[in-house]
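Engineer: Before I ask anything, here is the structure I am working with.
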Amino acid sequence: MTALTNSVLQGDCVQVLSQLPSASVDMVLTDPPYIARYVSRDGQRIANDDRADWLQPAFAQIFRVLKRDSFCISFYGWHQVDKFMQAWRLAGFRPVGHLVFQKSYSSKNLFLSYRHEQAYLLAKGSPALPEGTH
């Protein structure tokens, strides 16, 4: 694969990432399937949302392609956080922060009204702290 700058690549993440050189990516932001067996109001489903076998290989590839001392931001399904955390840690990531994004609508109403999305800030190595935070 030729060098890419500011590009969006579409395809199976494990296959696409396996074609990239190691330590060639500055940062990864991913919103993977939440392993929730999601079905939209009109019946659409999300590929690979019914199984977790892709999790560890995908994050191993993400870790491999990231440069040293860099970040991955990963959204996740809260009810499957143990599976995500295990895959992240097995890949070599260290959770260093948690992000919560408020939504103007509820995606689900069960015991609670789900009006947010969550993501972890995952570190590869020891990224430098932003200036003024020491």
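Engineer: Does anyone have the angle between helix 55-65 and the longest principal axis of the chain? Alpha-carbon axes, 0 to 90°, nearest 10?
Structural biologist: Taking Cα atoms only, the helix is inclined about 30 degrees.
Engineer: How many Å³ per residue does the convex hull of the Cα positions in region 70-128 occupy?
Structural biologist: Given the Cα convex hull of region 70-128, per-residue volume reads 79 Å³.
Engineer: Using only the alpha-carbon atoms, how far is helix 81-91 inclined from the longest principal axis of the chain? Give it as 0 to 90 degrees, nearest 10.
Structural biologist: That works out to roughly 10 degrees.
Engineer: Shifting gears a bit: Please give every one of the aspartates and glutamates within straight-line cross-link reach of LYS124, meaning a C-alpha to C-alpha distance under 16 Å, and leave out same-chain neighbours fewer than 8 residues apart.
Structural biologist: ASP26, ASP69
Engineer: Another question, then. What is the Rg over Rh value, at two decimals, for region 24-124, using alpha-carbon atoms and the Kirkwood definition of Rh?
Structural biologist: 0.99
Engineer: Would you list GLU117, GLU131 from fewest to most Cβ contacts within 10 Å?
Structural biologist: GLU131, GLU117
Engineer: If I stretch the segment between ARG68 and TYR105 completely, what's the gain in nm (0.36 nm per residue apart, minus their alpha carbon distance), one decimal?
Structural biologist: Roughly 9.5 nm would be gained on extension.
No lab work stands behind these numbers, since they all come straight from the coordinates. The model shown is predicted, which means the values in this text are computed figures rather than measured ones. Note that we place each Cβ from the backbone using ideal geometry, even for glycine, and neighbour counts take in every protein chain shown.
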